[in-house]
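**Student:** Shown below is the structure under consideration.
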Ligand SMILES: NC(=O)c1ccc[n+]([C@@H]2O[C@H](COP(=O)([O-])OP(=O)(O)OC[C@H]3O[C@@H](n4cnc5c(N)ncnc54)[C@H](O)[C@@H]3O)[C@@H](O)[C@H]2O)c1
């Protein structure tokens, strides 16, 4: 697989101006942000590959796309399995012959203090939220580069990947990692004409608070209910459609950070002020 940058490609990357007939893969495409993203990309002319563990949810999204004259295939995929993500990539190239937009979006959350987090909590959340993204890169990136066309990767992180909140430590660990991975990926992929965005929302009206519905039996905590109630998030709660609209714009602009909630500015500023004070030797 040739992984060297093509000569003549601009160092800064070119934006993906039209989605017409481009192929987009969306993990977690059965619900919430992934569902809205799939519908929005399809409306812009893209052909969709949906990946999720929720087959009924995915079929409903695929049917909605087809009912409007779009194209979509749904592939049952557990993103925590490299093998399954690799066969998702095979199915995507088999169906459409190319992949231009990869949205590593599937995610789950657990709530509660880190002092009580179990090994299974860590395994489950890291498996989906971090390994899911890494598997996406391993399975798709070499072929996206080899196909030699413009492309874009969107990784869904969270404001919890930029600012820490009490009670969200396991989740935050994975989302900070996705932010770091995405920031590096944007630099690494610049010569290949593949843009990168990292999506960092705060509250969005989705089923994330019911994440336990997707926890495999083998990773459930024995005899225990979910440890804590979801933490209260600051700021407004956006609809998934509002978030998807911002993602579409960000792909077009090849914009790295997608910060959907301006309310995030204050906590971000406070974090950087604390870092600044530490550098300056102040308390
Ligand atoms: N909703 C919010 O407030 C919010 C805020 C910040 C970030 N996010 C992130 O947005 C992303 C999408 O979540 P959402 O809010 O739309 O929640 P959601 O629960 O509505 O959708 C998540 C989707 O991921 C799927 N999924 C779960 N485990 C999977 C697995 N192992 N393999 C494949 N698919 C799997 C679910 O079936 C579901 O369709 C997640 O990465 C989440 O962390 C959400």
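The values are calculated or read from the model by the stated rules, or taken from the named source; none is laboratory data. As the structure is a computational prediction, the values presented were derived from the model and not from experiment. Virtual Cβ from ideal backbone geometry, glycine too; neighbours counted across all protein chains shown.
**Student:** Among the residues in segment 161-179, are any touching a strand residue (DSSP E or B) at 6+ places or on another chain (Cβ under 7 Å) and within 13 Å of the ligand (Cβ to nearest atom)? Spell out the reasoning first.
**Tutor:** First, the residues of segment 161-179 that are touching a strand residue (DSSP E or B) at 6+ places or on another chain (Cβ under 7 Å): 178-179.
Right, trim to within 13 Å of the ligand (Cβ to nearest atom) and you get 178-179.
Yes; the residues of segment 161-179 include at least one that is touching a strand residue (DSSP E or B) at 6+ places or on another chain (Cβ under 7 Å) and within 13 Å of the ligand (Cβ to nearest atom).
**Student:** Would it be correct to say that residue 105 is more than 19 Å from residue 189 (Cβ to Cβ), near the ligand (Cβ under 10 Å from one of its atoms) and modelled with pLDDT of 95 or more? Write out each step before concluding.
**Tutor:** Numbers: more than 19 Å from residue 189 (Cβ to Cβ): no; near the ligand (Cβ under 10 Å from one of its atoms): yes; modelled with pLDDT of 95 or more: yes.
Taking the combined requirement at face value, the residue does not satisfy it.
**Student:** Right, something else. Considering only segment 210-260, state which residues are surrounded by 15 or more Cβ atoms within 10 Å (Cβ to Cβ), out of contact with any helix residue (DSSP H, G or I) (no Cβ under 9 Å at 6 or more places or on another chain) and modelled with pLDDT under 95.
**Tutor:** Scanning segment 210-260 gives a single hit, 231.
**Student:** Within segment 260-280, how many residues turn out to be within 30 Å of residue 23 (Cβ to Cβ) and away from the ligand (no atom under 11 Å from the Cβ)?
**Tutor:** Residues flagged as within 30 Å of residue 23 (Cβ to Cβ) and away from the ligand (no atom under 11 Å from the Cβ) within segment 260-280 amount to 0.
**Student:** In segment 43-143, which helices (runs of 4 or more DSSP H) lie fully inside it and hold 3 or more residues that are in contact with a strand residue (DSSP E or B) (Cβ under 9 Å, 6 or more places away or on another chain)?
**Tutor:** 55-67, 82-96
**Student:** Which of the residues that make up segment 47-70 are within 12 Å of residue 34 (Cβ to Cβ) and more than 14 Å from the ligand (Cβ to nearest atom)?
**Tutor:** The one that is within 12 Å of residue 34 (Cβ to Cβ) and more than 14 Å from the ligand (Cβ to nearest atom): 48.
**Student:** May I ask you to verify whether residue 186 is closer than 27 Å to residue 57 by Cα, at pLDDT 95 or above and either more than 13 Å from the ligand (Cβ to nearest atom) or assigned to a loop (DSSP other than H, G, I, E, B) (or both)?
**Tutor:** no
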